[in-house]
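None of the figures in this text is laboratory data; all of them are computed from the coordinates on show. Since this is a predicted model, take the numbers as computed values, not measurements. Counting neighbours? That spans all protein chains shown, and the Cβs are built from the backbone with ideal geometry, glycine included.
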Amino acid sequence: MKKQLIQLIQNIINQVLKNHGIENDSAIDVQTPPDRKNGDFSINAAMKFAKACKCPPQKLAAEIVALLEAETQWFSKVSIAGPGFINMYLSDEIIEKYFNELCNNKNILTAAVNEVVPTVVDYSSVNIAKQMHVGHLRSTIIGDVLSRVIEALGNPVIRQNHLGDWGLPMAMVIYKAEPIIRKAEKDGVSLEEVLPLAELEKLYKAATAECKEDPKVADTCHEYLVKLQQGDKELLDLWKKITRVSMAEVYRIYRLLNVKLTEADERGESFYRDMLADTVEEIKKSGLLKEDAGAQCVFLDEFKSKEGNPLPVIIQKSDGGYNYATFDLAAMRFRTHKLGAKRVIYVTDARQALHFKQVFATARATGILADPNVKLEHVPFGSILGEDNKPLKTRSGENVKLAELLKEAVDRAYNVVNEKNPKLSEEQKKDVARMVGIGAIKYADLSQNRNNDYVFSFDRMLALNGNTAPYLQYAHARICSIFRKANESIDTYSAKAKISAPEERELMLKIMDLEQAVVSVATDLRPHVLCNYLYELSVCFSSFYDKCSVMNCEDSSIKASRLEICNMTRKTLAYGLNLLGIEVPREM
Ligand code: ARG
């Protein structure tokens, strides 16, 4: 409805402006007044264009209002306020018309995107032989939502897990893990048993220490690296085995998190190993590759160190090795030339902001992208803090292991569920606890403006009141229970909705705002906008449910209408939460 409404207003304003000899091609800004008393929508166009039209704003407003008033099916009232604000009150009929259309629509999102944009979302991107830390948690959760949302609007999305799986750290782990793998294979023991991720991480740490102390070990590791890079079969075989055991643990977490990444989305740094030399060649052709202390670098004017010295992007090190940036540049070529991406989104913590600024600028300056109009976007996010406002650590000062964090959330959610609804079967309680616990962790993260750090608090995220996942899940479950009591099926229910109370009107309008929230997330890549929307929707539902009796409503057509409004609220909640990768129980 909003789309059609904005189009209508836009046409009217452009018409009025044309009468004043002005061609307008800028989009007008339609606001929602904080107080409904001032209308459902308002515009400040009269003030904005008064000067250009050489016409007092009040007079210009009157001309716009005259045309708006003629649209009687849309507006019940149009008025001018203050210096020339125009306030519009929608007719109940138009709200009912569009609302019922939405109810009958198979898809809850009616927006077909104007232009389909093939999009790569690079997220999670964990490192082999290192446990996922909370930074990867945020990347995984946020990236998953952005992928779902962009996809829901009809764009093809290619998920890419840019694993850190190549280079010296891998050679070092192979060096340490080799005897263990050989022994396990001889004994017929599974690798996952002898080399769980935590063990691999220990090996990496031990190797780092040994390399520092003993130059011979460092040399050996370097030899391993060279042989690995040259494609030595045995080393590649070990490398693959280590990657698989390491990822097995990561997939357990993805599944628990209800994140869609699969093995098919893995394109680690190793994937680009044979494209690096070509990439350097391509960059060389641009004439921007400069030698600096033996390394091949690109210097761009916009990047200077604190002291004002030119800041290089190192493309190839003096020993011939490649850098993090080189892999990213090779990946950009692949993604835009081979995958056909027109938009590439990178989800990593804010500390990598400079890295991405530099590689984006380098890719553009050297012309290695398939199309100069490809959008490259870094989606940075802040840290997760403990209650002491310092980066989240365990009591003993170690990085918090994700798996443990998730387990605790589910355990605590179990207690919440058990208290709320002791009558559920044990199996149901466990299932709901999983949905609520995981949902709570994800939602607490997603509902924050991602640029900010936030304080991790189990108590807050599991609260049944406030802007939390359990609150939204509970609203959903409550509507399901209304239907159970009414002996109606939520899956097949259908009735005509009509307005008989202001709370119904308000809720119907809110339900129709979903699309706008989804489009906003796809554009600005900020999931909290969708969270806020769902929260406001639930609050709106609560006031509706307080004021408008559903079960005890005497008028049967009003009761049917209210049930339909309840069910649309539920569908909208479920749809929005699904976009956030959060499951919705029907009972809790
Ligand atoms: N593996 C990297 C890390 O853990 C993140 C990779 C992000 N993606 C990229 N294309 N650079 O820091």
Tell me which residues come under 5 Å, amide H to amide H, from HIS378 once H is placed; ignore anything under 5 positions away on its chain. TYR346
Which lysines does LYS183 reach when only Cα atoms under 16 Å apart count, and residues fewer than 8 places away in its own chain are ignored? LYS241
Each residue of segment 244-256 in order: what ³J(HN,Hα) in whole Hz does its phi give by Karplus 6.51 cos²θ - 1.76 cosθ + 1.60, θ = phi - 60°, with x for Gly and Pro? 5, 5, 5, 6, 4, 5, 4, 5, 4, 5, 4, 5, 4
Can you put TRP74, TRP166 in order, fewest other beta carbons within 10 Å first? TRP74, TRP166
Taking 8 Å as the Cα distance limit and 6 or more residues as the minimum spacing, I'd like the relative contact order of segment 1-92 as a percentage. 26
Among SER457, SER139, which comes first, second and so on when ranked by fewest other beta-carbon atoms within 10 Å? SER457, SER139
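Per the Kirkwood definition applied to all pairs of different Cα atoms, how many angstroms is the hydrodynamic radius of the chain? Display every interim value, and only then the final one.
Working: mean 1/r = 0.0364 Å⁻¹.
Averaging 1/r across every pair of different Cα atoms and inverting gives 27.5 Å.
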Give the distance, in whole Å, between the Cα centre of segment 1-62 and the Cα centre of segment 172-213. 68
Using the alpha-carbon atoms, what tilt in degrees (0 to 90, nearest 10) does helix 57-70 show relative to the longest principal axis of the chain? 80
Here segment 126-251 gives, from Cα atoms, an Rg and Dmax in Å of 17.0, 56
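Wrap a convex hull around the Cα atoms of segment 463-588, take a quarter of its surface area, and give that in square nanometres. Walk me through the numbers before you get to the answer.
Numbers: hull surface 29.8 nm².
If I average the Cα hull's projected area over directions, I get 7.4 nm².
Considering only DSSP beta bridges where both residues belong to the chain, give the percentage that are antiparallel (nearest 5). Working shown, then result.
Working: 23 of 42 bridges.
In the chain, approximately 55 percent of DSSP beta bridges are antiparallel ones.
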Of LYS240/LYS260; LYS176/LYS233; LYS202/LYS390; LYS176/LYS205, which pairs sit farther than 20 Å apart, going by alpha carbon to alpha carbon? LYS240/LYS260; LYS202/LYS390
Which whole-Hz ³J(HN,Hα) couplings does segment 14-30 yield from phi under the Karplus relation 6.51 cos²θ - 1.76 cosθ + 1.60, θ = phi - 60°, glycine and proline marked x? 4, 4, 4, 5, 4, 4, 9, x, 10, 8, 9, 10, 8, 6, 8, 9, 9
Please determine, in degrees from 0 to 90 and to the nearest 10, the orientation of helix 426-446 with respect to the longest principal axis defined by the Cα atoms of the chain, where the helix direction is its Cα long axis. 90
Report, to the nearest 10°, how far helix 469-486 tilts away from the longest principal axis of the Cα atoms in the chain, using its own Cα long axis and a range of 0 to 90°. 50
For segment 544-554, just list the computed ³J(HN,Hα) in residue order, Karplus coefficients 6.51, -1.76 and 1.60, θ = phi - 60°, integers in Hz, with x standing in for Gly and Pro. 4, 5, 5, 8, 10, 6, 9, 5, 9, 6, 6
For TYR322, other-chain or 5+-apart residues with amide H closer than 5 Å (H placed, Pro excluded) are LYS317
Cysteines without a disulfide-compatible partner [the chain; Cβ-Cβ under 4.7 Å]: CYS103, CYS211, CYS221, CYS297, CYS480, CYS531, CYS540, CYS548, CYS553, CYS566
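Using only alpha carbon pairs under 8 Å that are at least six residues apart, calculate the relative contact order of the chain and give it in whole percent.
Values: 859 pairs, mean separation 77.3, N = 588.
It rounds to 13 percent for the chain.
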Under 24 Å from the Cα of LYS429, which lysines turn up, not counting those fewer than eight places away in the same chain? LYS407, LYS420, LYS442, LYS485, LYS571
Protection proxy ranking of 516-526, 340-350, 550-560 - average other beta-carbon atoms within 10 Å, highest first: 340-350, 516-526, 550-560
Across LYS227/LYS284; LYS37/LYS510; LYS306/LYS375, pairs whose alpha-carbon gap is larger than 20 Å: LYS227/LYS284; LYS306/LYS375
Would you list TYR123, TYR414 from fewest to most Cβ contacts within 10 Å? TYR414, TYR123
